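Here the structure comes first, spelled out in structure tokens, and everything after it is commentary.
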Amino acid sequence: MFFRVLFTLVFVFTVPLVVSAPKGLSRKQADKYTVLALKKVYEAHSPVTATEWRDKLIVRDTLSMRFEYKVFGEKPADGRSLYISLHGGGNTPPAVNDQQWRNQQNLYKPAEGVYVAPRAPTNTWNL
């Protein structure tokens, strides 16, 4: 389930999606259409995301973002916590940003959860 949630966070705004719903939906109907829309997104991108998770690399247009992740502790009944550890890149050489990214990968060790450390796709502060 965690990967579906993270997948949704990463891709939900990048997929052209058409799901028709009548106006004036009830909460229950809105929930139904939301599940349908997310299912379509998931199905459309599953082959791509499987490769991205295997390679730990997300590519969009001219940008590439590497990432590392670790899973800590036992999974609670209500799902895992998600921690995203970001490093700052401030117009430094790639070697400096790579070192900072490696540092972020081991900076925290939560008792439980999924710890994600993305490498910024550029070496500038203005992403």
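Observations
- One Cα centroid belongs to the stretch 26-73, the other to the stretch 89-127; the line between them spans 21 Å.
- Cross-link partners of LYS75 among aspartates and glutamates (Cα-Cα below 15 Å; sequence separation of 8 or more within a chain): GLU112
- Potential extension, THR122-VAL71 segment - 0.36 nm per residue separation minus Cα distance: 15.7 nm
- Reach of LYS23 by Cα under 17 Å, taken over lysines that are not fewer than 8 positions away in the same chain: LYS32
- Under 25 Å from the Cα of LYS70 - lysines, other chains or at least 8 residues apart: LYS56, LYS109
Values in this text are rule-based calculations from the coordinates and carry no lab data. Only a predicted model underlies this, so the values are computations on that prediction, with no experimental measurement involved.
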